[in-house]
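Student: Dropping the structure in here first, questions after.
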There are 2 protein chains.
Amino acid sequence: MSAPVPEVGRLPAAVLRPATANVFETTVEQLATAIRLGVFVDGEQLPPERELAERLGVARGTLRDAIAALRDSGLVTTRRGRGGGTVVTYTSPEPGSKPTSRRGAALADALDFRRVVEPGAAWLAARQELSADQRTWLVASADAVREAAQDTGAHRIADSRFHLAVATLSASPMLIESVTRAQAVLGEMLAAIPVLPRNIDHSCDQHDAVVDAVLRGDDDAARAAMEEHCDATSALLRGLIG
Amino acid sequence: MSAPVPEVGRLPAAVLRPATANVFETTVEQLATAIRLGVFVDGEQLPPERELAERLGVARGTLRDAIAALRDSGLVTTRRGRGGGTVVTYTSPEPGSKPTSRRGAALADALDFRRVVEPGAAWLAARQELSADQRTWLVASADAVREAAQDTGAHRIADSRFHLAVATLSASPMLIESVTRAQAVLGEMLAAIPVLPRNIDHSCDQHDAVVDAVLRGDDDAARAAMEEHCDATSALLRGLIG
DNA sequence: ACCAAAAGGTGCACGAACGAACCATTGACG
DNA sequence: CGTCAATGGTTCGTTCGTGCACCTTTTGGT
């Protein structure tokens, strides 16, 4: 291999990734993301501590610390005793009301990443044999976004739930994780900057196009529809990143 | 939201992911992956411990433990003193000589995931303003694969280096990580099952098509070429997963 | 009203991971 | 040959994370 000198350090620099969070921080982030994306909605109860700790693969003490942090952030409340547990109290903030700590480069990267993994998930979802229940769920998820059009916060939650639903139907754990990550950053961006209301009607049509293609099993159409949808959001947000 | 009952547990089950590795294990895996994929090739020296620990975001003690594990696996040797360090001794194993511990479902998922993220990375790479050095590097990476055609082990390394090069040129950390993960699993699969030699000539042409499209800045062509390439490998491997 | 079960709350011992300091080896250079 | 710097090797005290056992609170059911 007669590669020029600059190549020597390229792959290591690109591939080696620093760990940036410990177990506690990772647990907080995973739960906070799940709550902010509507995996658990306002008023909904998280699984019991023992179950949740096992599911997340962490010690119960660590999970308790994480839940305490969520409590401090106002995302949940807890009550002890039978019938008690951890209940979500989070509602999506008004756009523009929460600054994000992420840098512009990371935001742009997440938009690029999203542009790849969300259409990919839609493409794969369209190739799955979907049950009647799954089909019903997908349609209901899209309907829920439309129904929440008048309430900015609820709309945000319903929107991310819709995207997660598409990803879930891909039945690919790796893609679900990727879409979740992309949605988490998107949620941060949208909370940090105002959303133009006129985009909402158009995005419901784009959702419907995705749903239609997935239900028809047309993978290329599903991907194209989701690409169009991501591009529309992306164009809106890139102008604001700088 | 009038969703049916099954929907209540769908998102949490899909989105909540258990932690499966501790810091030591993660470090071992990251280094082993980098070595197995050719980020550091046989005879090449890893960065000094102190630097590597900082780059990976772990304590030096943990890194030393990880390097000891790599030593035990025969991937590296170490020498103390000035001019010393950790040197890679890994060469790609003969196909079919190393069983994989991953399950069929995880393998299939990785193939699906790869089918999404590698074309996506090629698409994004084609949209980048590439320097002359980067272009030279990309071409050299593809050439290296062709030159290694007679040596199965070296070919495997050159092939994964080519794919990582494409991902690196996407300039998207999130996509680079995703492609790395996909390549890691692919490498395991290929090490576990024999490769039919007749596929090699064809894949170099597919590489060239990717390179050509990326250099021309044709994002759709880059993506299509990489899709075709991934599909060819995938078809070969899926028949063997079961 | 009482009991049992669900669920959060607490404490403890141990191992993992951390950061810092120091030691030993090795080789380049004057 | 001696010195110094690079690099791996070792030790130590602290914090984090773990698994386990036990306690307290609360409520549903009898």
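Student: So which of A:ALA144, A:ALA108, A:ALA140 is part of a helix (DSSP H, G or I), free of Cβ contacts under 8 Å to residues at least 24 places away in the same chain and touching a Lys or Arg at 6+ places or on another chain (Cβ under 8 Å)?
Tutor: None of the others qualify; the one that does is A:ALA144.
Conditions tested, residue by residue: (1) within 20 Å of B:ARG17 (Cβ to Cβ); (2) touching a Ser or Thr at 6+ places or on another chain (Cβ under 6 Å); (3) of a type in the set (Ser, Thr, Tyr); (4) modelled with pLDDT of 95 or more.
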| site | (1), (2), (3), (4) |
| --- | --- |
| A:PRO47 | yes, no, no, yes |
| A:ARG50 | yes, no, no, yes |
| A:GLU118 | yes, no, no, yes |
| A:SER131 | no, no, yes, yes |
| A:ARG135 | no, no, no, yes |
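Student: Could you tell me whether any residue of region A:60-73 is in contact (Cβ under 8 Å) with a residue 12 or more places away in the chain, among the β-branched types (Val, Ile, Thr) and assigned by TED's automatic domain parsing to the domain that holds A:HIS207?
Tutor: Checked against the condition, which is being in contact (Cβ under 8 Å) with a residue 12 or more places away in the chain, among the β-branched types (Val, Ile, Thr) and assigned by TED's automatic domain parsing to the domain that holds A:HIS207, region A:60-73 yields no hits at all.
Student: On to the next question. Output the residues belonging to region B:47-60 that are part of a loop (DSSP other than H, G, I, E, B), at negative phi and out of contact with any helix residue (DSSP H, G or I) (no Cβ under 6 Å at 6 or more places or on another chain).
Tutor: Within region B:47-60, B:PRO47, B:PRO48, B:ALA59 qualify.
Student: Let me spell it out: the conditions are (1) within 12 Å of DNA strand C (Cβ to nearest atom); (2) of a type outside the set (Lys, Arg); (3) within 14 Å of another protein chain (Cβ to nearest Cβ); (4) within 14 Å of B:THR33 (Cα to Cα), and B:ALA69 meets all of them except one. Which number is the exception?
Tutor: (3)
Student: Would you please name the residue that is farthest from the other protein chains (Cβ to nearest Cβ), looking only at residues in region B:30-46 that are part of a loop (DSSP other than H, G, I, E, B) and surrounded by 15 or more Cβ atoms within 10 Å (Cβ to Cβ)? So that I can check it myself, show each step before the final result.
Tutor: First, pick out the residues of region B:30-46 that are part of a loop (DSSP other than H, G, I, E, B): B:37-44, B:46.
Subset that is surrounded by 15 or more Cβ atoms within 10 Å (Cβ to Cβ): B:37-42, B:44, B:46.
On the way: B:LEU37: 8, B:GLY38: 8, B:VAL39: 4, B:PHE40: 7, B:VAL41: 9, B:ASP42: 12, B:GLU44: 9, B:LEU46: 9 Å.
It comes out as B:ASP42.
Student: Here's another thing I want to ask about it. Consider A:SER97 carefully, then state whether it is closer than 29 Å to B:ARG103 by Cα and hydroxyl-bearing (Ser, Thr, Tyr).
Tutor: Spelling it out, it is not the case that A:SER97 is closer than 29 Å to B:ARG103 by Cα and hydroxyl-bearing (Ser, Thr, Tyr).
Student: Please determine whether any residue of region B:190-209 is out of contact with any Phe, Trp or Tyr (no Cβ under 6 Å at 6 or more places or on another chain), within 12 Å of another protein chain (Cβ to nearest Cβ) and in a helix (DSSP H, G or I).
Tutor: Scanning region B:190-209 turns up no residue that is out of contact with any Phe, Trp or Tyr (no Cβ under 6 Å at 6 or more places or on another chain), within 12 Å of another protein chain (Cβ to nearest Cβ) and in a helix (DSSP H, G or I).
Student: For residues that are on the phi < 0 side of the Ramachandran plot and assigned to a strand (DSSP E or B), tally how many sit in region A:61-97.
Tutor: Residues in region A:61-97 being on the phi < 0 side of the Ramachandran plot and assigned to a strand (DSSP E or B): 7 in total.
Student: Please count how many residues of region A:149-175 are at the interface with chain B (Cβ under 9 Å from one of its Cβ atoms) and either among the aromatic types (Phe, Trp, Tyr) or not in a helix (DSSP H, G or I) (or both).
Tutor: So the count comes out to 3.
Student: Scan region B:74-101 for residues that are within 16 Å of DNA strand D (Cβ to nearest atom) and in contact (Cβ under 8 Å) with a residue 40 or more places away in the chain and report the count.
Tutor: Total satisfying the criteria: 7.
The values are calculated or read from the model by the stated rules, or taken from the named source; none is laboratory data. On a predicted model such as this, the values are computed, not experimentally measured, just so you know. Please note: Cβ atoms are built from the backbone with ideal geometry, for glycine as well, and neighbour counts cover all protein chains shown.
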